[in-house]
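Notes for the one structure printed next.
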Amino acid sequence: MDIPALLTSAGMNIGISVGIFSLYSILKKQPLNVRVYFGQRIAQGRTRNENLCFERFVPSASWILKSWEATEEDIFACGGIDAVVFLRIVVFSIRIFAIATILCTFLVLPLNYFGQGMQQGEDSTAMDLLTIGNVREGSRSMFRDL
């Protein structure tokens, strides 16, 4: 396995994620976007401070903590039934992918890696050893691991 390529990919993904979170944090604080991010507050007559300050251009992570603490009742009051349904779909998807990740990491990946269908040579790469092509046809390994 090519560790530098894997670390480069992970670094790029982490960097892009931090950039997107920072951009969201900055855009949320701008006066032009108040109607987008705080529509419920405007409807209730509560508005934000419109003074120009340096704090608007500094990303913060406080919104992440607030989003973890929000209950479904808070989300329903702020965003309506659509937001609650969307949240439930996202949470369900995360749970399904977490289960699939655990199964594939501890069951399918070792089965494919230790299979005897191919040997690493000139025509195969390190990633080829992790595919189902590495398990011999008619192999009972898959049924023994289950």
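The values are calculated or read from the model by the stated rules, or taken from the named source; none is laboratory data. Predicted model only: the values in this text are computed from it and were never measured. Cβ: placed from backbone, ideal geometry, glycine included. Neighbour counts: every protein chain shown.
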| query | Does PRO59 count as surrounded by 11 or more Cβ atoms within 10 Å (Cβ to Cβ), at pLDDT 80 or above and either assigned to a loop (DSSP other than H, G, I, E, B) or outside the structural domain of GLY19 (by TED's automatic domain parsing) (or both)? | reply | yes
| Exclusive hit being modelled with pLDDT of 75 or more and either over 21 Å from the mean Cα position of the chain (by Cα) or outside any helix (DSSP H, G or I) (or both), set LEU65, LEU32, LEU23 | LEU32
